[in-house]
Amino acid sequence: MRVTVGVSGGIAAYKAAELVRALQRQAVQVHVVMTASAQRFVQPLTFAALTGHKVITSLWGEWDAGEGAAEQNGIDHIAEAQWCDALVIAPATANILAKLAHGVADDFLTTMHLATTAPVIVAPAMNVNMWSHAATQANLAMLRQRGVGIVEPGTGELACGMTGAGRMAEPEAVAEAVLRTLGRKNDLRGEVVLVTAGGTREAIDPVRFIGNRSSGKMGYALAEAARCRGAKVILVSGPTALAAPPHCELVRIATADEMRKVVLERMKEATVVIKAAAVADYRPVAVSAQKMKRTGPMTLELTPTEDILAEVVRRRGPGQLIVGFAAETENRMENGRAKLLRKGADAIVVNDVAREGVGIDADDNAATFLTRATSVELPEMSKRQLADCILDEILVLRRPRPVVVEVDGLEEAQARVRKESLPAGSGRRTVVVE
Ligand code: CTP
């Protein structure tokens, strides 16, 4: 595995040396690119000594990318961009985050960032006010949306003397994030993932509808994460304010019925269906053709919508995995488990939507990934990170589970092994002999 470590100009630049060591301990080949201001904090020689390669310090300077990279051919940032399996920028200053977010390419690191198709991870480090500034947060949101991995800074005493968020994550934690990203690269290749996202709108009249507060962020994060990991993605989305995730097929719908029609048709292509949408449970019995006038108290008659998830489960094809979501405000686990059994899905991601700061419309979420046999707690994190954790759990469901057969004695064991010889690819068989 090959990783390019980009170092930008902050006091935490010295921590990048520890990051290089941590990656090398995991047998990762490391190259280092430094911005001009990074070189004011740490000498390139430090990284050259650690990596055994010249450090890349300028678009125009002389450097040696080592084995596998083009040398001194005038397009070295392209060669480096192709050489690496991941680009990690640590520390990432507010300035470099802004440049990455807006596609500025005015030095080696930022030019290489545009040229690489490898996953990008950043470990921000800055003063607490710079970190919480709306501009920095908007840039981070843009990067997160684009699939850049963000290793959040810690809270504590900062080099500037202030206390708060902004301290670069520990090098070990950054290395771990890089390795996790590399491990995930293309692990969904061959899968076709259908994701539903956002809320539906059930019309009352030409200008009013029954809707809900779902932002679609969780579903969009899942679509983007699945795409980054090599899956083909079909995203069926209710109205949202979000930009379409890159390279996903986006099918826009408005009502529960429209979602149902699209999902039932497109699920035939899918190997995994993830129903993250907040589908309306009821719609008005009649939709007024004209804008309704205010005439005093009124009662709307509602009728239940179809349960799309339950229908998807009934129509599932062989090997298709079906994952639902459960938005709960009370008795989270009890209701989640009941929903899992009632709907017959392989797993349900249970959210506590009553909790402050997570769930509906928030950028963060926490959940429990529930199957009939297991329950995995996924603690509070960004929806993009949670999306990867959910996909990790879905992949666990893909692994063949051993079948345990109880037999009486060795002879029967041998006979059963022969009889139980199941089709190739159905997993290892385990015979328990008493
Ligand atoms: N769902 C669906 N079709 C519906 C309602 C819900 O496919 N008409 C799916 C959602 O996309 C989600 C799961 O069912 O994956 C659970 O949704 P949720 O709103 O939590 O539960 P409900 O089934 O609506 O049950 P309740 O309102 O009683 O909690």
**Asked** Extension gain THR163-GLN290, at 0.36 nm per residue separation less the Cα-Cα distance, in nm?
**Response** 39.9 nm
**Asked** Dipole of the chain (Lys/Arg Cβ +1, Asp/Glu Cβ -1, origin at the Cα centre): which of LEU378, HIS31, GLY238 lies farthest to the positive side?
**Response** GLY238
**Prompt:** Using 0.36 nm per residue, how much length does the chain from ARG40 to LEU410 gain when fully extended, once their Cα-Cα distance is taken away?
**Reply:** 126.0 nm
**Request:** Just check the chain against the gyration tensor rule for me: Cα atoms, a ≥ b ≥ c as the square roots of the eigenvalues, rounded for a/c under 1.5, and otherwise prolate or oblate depending on whether a/b exceeds b/c.
**Result:** oblate
**Message:** I'd like the distance separating the alpha-carbon centroids of the stretch 208-232 and the stretch 272-327, in whole Å.
**Reply:** 17
**Request:** Fewest Cβ neighbours within 10 Å first, please rank LEU410, LEU19, LEU158 accordingly.
**Result:** LEU410, LEU158, LEU19
**Message:** Can you compute the charge dipole magnitude of the stretch 353-394 about its Cα centre, using +1 on each Lys and Arg Cβ and -1 on each Asp and Glu Cβ, nothing else charged? Give it in debye, rounded to the nearest 20.
**Reply:** 180
**Complete:** 1/(1 + (r/R0)^6) with r = Cβ-Cβ of LEU302 and ARG342, R0 = 25 Å, i.e. FRET efficiency to nearest 0.05, evaluates to 0.75
**Item:** For the chain, calculated [θ]222 nm from helices alone, where every DSSP H run of n ≥ 4 adds -39500 (n - 2.57)
**Value:** -10000 deg cm²/dmol
**Request:** Return the distance in nm (one decimal) between the two label points of a simple spin-label model at ALA27 and TYR14, each offset 7 Å from Cα along Cα→Cβ.
**Result:** 3.3
**Request:** Mind sorting GLU411, GLU172 by how few other Cβ atoms lie within 10 Å of their own Cβ, fewest first?
**Result:** GLU411, GLU172
**Request:** Taking the Cα centre of the stretch 2-181 as origin, work out the dipole magnitude from +1 charges on Lys and Arg Cβ and -1 charges on Asp and Glu Cβ, in debye rounded to 20.
**Result:** 380
**Request:** Give the calculated FRET efficiency between ALA48 and THR117 to the nearest 0.05, with a Förster radius of 25 Å applied to their Cβ-Cβ distance.
**Result:** 0.40
**Asked** Between LEU250 and ARG266, how many nm apart are label points set 7 Å from Cα along the C-beta direction?
**Response** 1.2
**Least to most buried among LYS339, LYS185, LYS291 (fewest other Cβ within 10 Å first)** = LYS291, LYS185, LYS339
**Message:** Charges on Cβ only, +1 for Lys and Arg, -1 for Asp and Glu, centred on the Cα centroid of the chain; of LEU302, ALA81, ALA94, which one is farthest towards the dipole's positive end?
**Reply:** LEU302
**Prompt:** Can you list the residues, at least 5 places off or on another chain, whose amide H is less than 5 Å from the amide H of VAL251, using H built in the peptide plane?
**Reply:** LEU235, VAL236, SER237
**Item:** Kyte-Doolittle mean at least -0.5, axial Cα span of 27 Å or more - DSSP H helices of the chain
**Value:** none
**Request:** Provide the FRET efficiency to the nearest 0.05 for the GLU334-ALA241 pair, computing r from the beta carbons and using R0 = 30 Å.
**Result:** 0.35
**Fill in**
Dipole check, the stretch 140-220, charges on Cβ (K,R +1; D,E -1), about Cα centroid: among THR163, THR196, GLY147 the Cα furthest to the positive pole belongs to THR196
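Bear in mind these aren't lab numbers, they're just calculated from the coordinates by the rules spelled out. Fair warning: this is a prediction, and the values are worked out from it, not measured in the lab. Note: ideal-geometry Cβ built from the backbone for every residue, glycine included; neighbour counts use all protein chains shown.
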